[in-house]
Amino acid sequence: MDRRTFTIGLLLGATSYAATRVAAFEVSKSVAAWKAQLSPAAFHVLREEGTEQPFSSPLDFNTRKGTYSCAGCALPNFSSDTKYDSRTGWPSFWKPLPNAVETSRDTSLGVERVEVHCRRCGGHLGHVFEDGPRPTGLRYCMNGVALSFKAA
């Protein structure tokens, strides 16, 4: 497979995947409505399943007590009680809040990963890996631009 075929396949796969997810969520908006609501960076991550640059989010360095919510629909996703410094450059948590996120299979980079989405709007938050701390052993590696923080 050449690079062009691979890239087109990725684009078509992402487009068809995103199209199949839209109707399944409580919060659904048109592309224009999402673009009007979100910053270009947040739109790219949440709606186009992009990734922000590592170490670019102030939330990575945030140590205050509070709640991290989806920047798209404000559903609380993570508690500061489960946040830790993974030294990866993205805010990381060892557990989401109950009924806050959903996961799906992601093979977009040619390897299988587990993608994390907001349960309410389907926004792409990041990925979860099995190299986190106890008690779960999981690392929810989230894009800071996909989250908002509310201090307790």
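A short reminder: the numbers here are calculations on the coordinates, not readings from a lab. Keep in mind that this is a model prediction, so the values were computed, not measured. No Cβ is skipped: glycine too gets one built from the backbone with ideal geometry, and neighbour counts run over all protein chains shown.
A straight chain from THR88 to ALA74 at 0.36 nm per residue would run longer than the Cα-Cα distance by 2.6 nm.
Please give me, ordered by residue number, the GluC sites (Glu not before Pro) of segment 73-141 that lie in loop per DSSP and have at most 14 other Cβ atoms within 10 Å. Don't skip to the answer; put the middle values down first.
On the way: sites: GLU102, GLU112, GLU115, GLU130; in loops: GLU112, GLU130.
Qualifying residues, ordered by number: GLU112, GLU130.
Put simply, when 46-54, 85-93 are sorted by average Cβ atoms within 10 angstrom per residue, most first, you get 85-93, 46-54.
In debye, nearest 20, what is the charge dipole magnitude of segment 3-151 about its Cα centre with +1 on Lys and Arg Cβ and -1 on Asp and Glu Cβ, if you could check?
200 debye
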